[in-house]
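In what follows, a single structure is set out as structure tokens and then discussed.
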Amino acid sequence: YCVVHGGVDIELRTHSVDYLTSLPFDGYAIGGSLGKNSEELIELLDWMMPMFEEGHKKNKPRHLLGIADEESIVGAIPHGIDTFDSCYPTRLARHGTLLTRNGKVNIKSGVKHSKSYGIPIDDECNCPTCQHYDRSYLWHLFKAKEPLFIQLATVHNIQYMNDMMAQRRQEILDGKI
């Protein structure tokens, strides 16, 4: 893969796309400064991604470097982004945030989780963490600074992201995206 750079500057990005796509790469990665937030990222993809729809570029995979928060993924997939990579789910886990279908759960946010006996992180999740541990135990591990919390939270957050991507793939197959 080549890495398309140029920040949010249309001229620099266009030059980077034109030059790099003229070379025999297997796919295209989009990197560098992608804006200050998801809205700027989507604006960048709005004008840049049509450049990848021409000729031989059309059928090559496109990867978005370092971006994998839910909002950005949901916005980037309809623009033709195929793959993502990021430390997002693992970084959140290290800092006590768990991803759920009902929003983020900040396990360190108070005593309410200490009394959450029998309540999994996410009722719909089939990861080993949700199947075997409840929020109160995870809260205890986090408060005790046990490294096991980071492992269990990471397993859960990665499973959540995998489930989210499986849902997006099905939406593509169903013609919804």
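The values are calculated or read from the model by the stated rules, or taken from the named source; none is laboratory data. Keep in mind that what you see is a predicted model, and the values were worked out from it rather than measured. As a convention, Cβ positions derive from the backbone with ideal geometry for all residues, glycine included, and neighbour counts pool all protein chains shown. The area values use the complete protein model at the heavy-atom level, side chains included, leaving out ligands, DNA and RNA. Shrake-Rupley method; radii C 1.70, N 1.55, O 1.52, S 1.80 Å.
Brief remarks on what is shown
Conditions (1) acidic (Asp, Glu); (2) open to solvent by less than 60 Å² (accessible area, probe 1.4 Å); (3) under 15 Å from the mean Cα position of the chain (by Cα), marked per residue:
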| residue | (1), (2), (3) |
| --- | --- |
| 99 | no, yes, yes |
| 105 | no, yes, no |
| 117 | no, no, no |
| 132 | no, no, no |
| 152 | no, yes, no |
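- Residue 80 being under 20 Å from residue 45 (Cβ atoms) and either touching an Asp or Glu at 6+ places or on another chain (Cβ under 9 Å) or without any contact (Cβ under 8 Å) to a residue 24 or more places away in the chain (or both): yes
- Single unsatisfied condition, residue 66 versus (1) closer than 30 Å to residue 143 by Cα; (2) surrounded by fewer than 17 Cβ atoms within 10 Å (Cβ to Cβ); (3) at pLDDT below 90; (4) in contact with a helix residue (DSSP H, G or I) (Cβ under 6 Å, 6 or more places away or on another chain): (4)
- Against the numbered list (1) over 22 Å from residue 177 (Cα atoms); (2) surrounded by 14 or more Cβ atoms within 10 Å (Cβ to Cβ); (3) of a type in the set (A, V, I, L, M, F, W, C), residue 74 comes up short only at (1).
Table: residues versus (1) basic (Lys, Arg); (2) in contact with an Asp or Glu (Cβ under 8 Å, 6 or more places away or on another chain).
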residue	(1), (2)
67	no, no
71	no, no
87	no, no
94	yes, no
115	yes, no
125	no, yes
134	no, no
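- Taking region 18-46 as the range and being open to solvent by 20 Å² or more (accessible area, probe 1.4 Å), aliphatic (A, V, I, L, M) and within 22 Å of residue 78 (Cβ to Cβ) as the test, only 42 passes.
- In region 33-43, the count of residues that are free of Cβ contacts under 8 Å to residues at least 24 places away in the same chain, outside any strand (DSSP E or B) and in contact with a Gly (Cβ under 6 Å, 6 or more places away or on another chain) is zero.
Each row is one residue, and each column tells you yes or no for (1) closer than 25 Å to residue 28 by Cα; (2) in a loop (DSSP other than H, G, I, E, B); (3) touching a residue at least 40 places away in the same chain (Cβ under 8 Å).
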residue	(1), (2), (3)
75	yes, no, no
93	no, no, yes
119	no, yes, no
123	no, yes, no
130	no, no, no
139	no, no, no
152	no, no, no
155	no, no, no
175	yes, yes, no
